[in-house]
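The structure under discussion appears below in the form of structure tokens.
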Amino acid sequence: MLNNNMNGKTIGIISIKGGVGKTSSVSALGASLANDYHKKVLVVDANFSAPTLGMHLGLPRPEVTLHHVLNDQASVKDAIYETNHGFDILPGALIFEKINPFKLAEKIRDLRRKYDVILLDSSPNLNDEVLAVMMASDELLAVTTPDYITLASTLRAIKIAKDRKTPIIGLVLNKVYNKNFEIDLEDIEAFSGCSVLAVLPHEVNVLESLAKGVPSTLDKNSASGLEYKKLAASLIGESYDEGRIKSFIKKMTGRVPKQEVNRVIFTGTRKASF
């Protein structure tokens, strides 16, 4: 775990399986933290072998990248770009020379003085790249889906993170259909030993946002975008205000989703540390 003696907090977004929505989660959380909660945010493409975060955000071929920074060919400030979505990005290069991923922590350390939150998009493979993200992060969020194959990969990531003593603050459960064949939230928490902080429905809006190069949290009709906004609030120790009527109905009916209970508890502990 990186020692954080500066103002900003670095959060690694991890999964040890492709296609679970890790990069989309980085984009969505970055947009919400910047636009809904007015934080200075940097997203970093630390998926060095297959960087796609820039393409997610309309920056397919950046001239200067994190790869140049790691090879001491450019300064980190020259590799940071403003996006049209309220936050900055440190992208990777699609065609690159060999780099040392373990230099990541050193290269981004001073950026904590400029940014409130730095989100690291990691490799979906069990390799030095994901280990470098763990070492560069203060804490981790793991993205998974409610199936046994993905959960098995998530459990491996959690074990490695614990061995590295980088705390996993929670799970993001993505692409949920609410079908009987899916593993339920309580079992996922029991298997993993981690709380689920967000449950994101599988929806076409996310694919449409991806095609447009726009974070899903900027789509007002996206149910998953709303869930990301609630998660973003809890990450900085704030509560999402969904209105008195909805809050009243939930209290009266007792239909409060488990992930919302988890977020309330997490937010309470977060206020003192953020």
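No lab work stands behind these numbers, since they all come straight from the coordinates. Predicted model, so just to flag it, every value in this text is computed and none were measured. Glycine gets a Cβ as well: all are built from the backbone with ideal geometry, and neighbour counts include every protein chain shown.
Quick notes
- Between Asn127 and Arg156, the modelled label-to-label distance comes to 1.3 nm, taking each label 7 Å out from Cα in the direction of the beta carbon.
- Note on the range 9-270: Kirkwood hydrodynamic radius from all Cα pairs is 18.5 Å, rounded to one decimal.
- Within a straight-line Cα-Cα reach of under 14 Å, Lys258 can be paired with the following aspartates and glutamates, leaving aside sequence neighbours fewer than 8 residues apart in one chain: Asp184, Glu186, Asp187, Glu189, Glu227.
- Among beta bridges from DSSP that stay inside the range 40-121, the antiparallel ones total about 20%.
- Low-density loop positions, GluC sites (Glu not before Pro), the range 86-179 - DSSP coil, at most 11 other Cβ in 10 Å: Glu97
- Here Lys162 is the anchor, and the lysines within straight C-alpha reach of less than 22 Å, apart from those fewer than 8 places off in the same chain, are Lys9, Lys17, Lys22, Lys103.
- For the range 37-146, the list of chymotrypsin sites (Phe, Trp or Tyr not before Pro) that fall in a loop by DSSP and count at most 16 other C-beta atoms within 10 angstrom reads Phe96.
- Loop-located trypsin sites (Lys or Arg not before Pro) in the range 52-122 whose Cβ has at most 11 other Cβ within 10 Å (DSSP): Lys98
- Sites Lys212 and Lys114 - FRET efficiency at Förster radius 30 Å, r taken between beta-carbons, to 0.05: 0.60
- Segment Asp72..Asn7, full-extension length gain: 20.9 nm, with 0.36 nm per residue of separation and the alpha-carbon distance subtracted.
- Charge dipole of the range 9-270 about the Cα centre (unit charges at C-beta), most positive-ward option of Leu111, Ile265, Ser209: Ile265
- Label-point separation in nm, Ala190 to Lys258, each point 7 Å along Cα→Cβ: 0.9 nm
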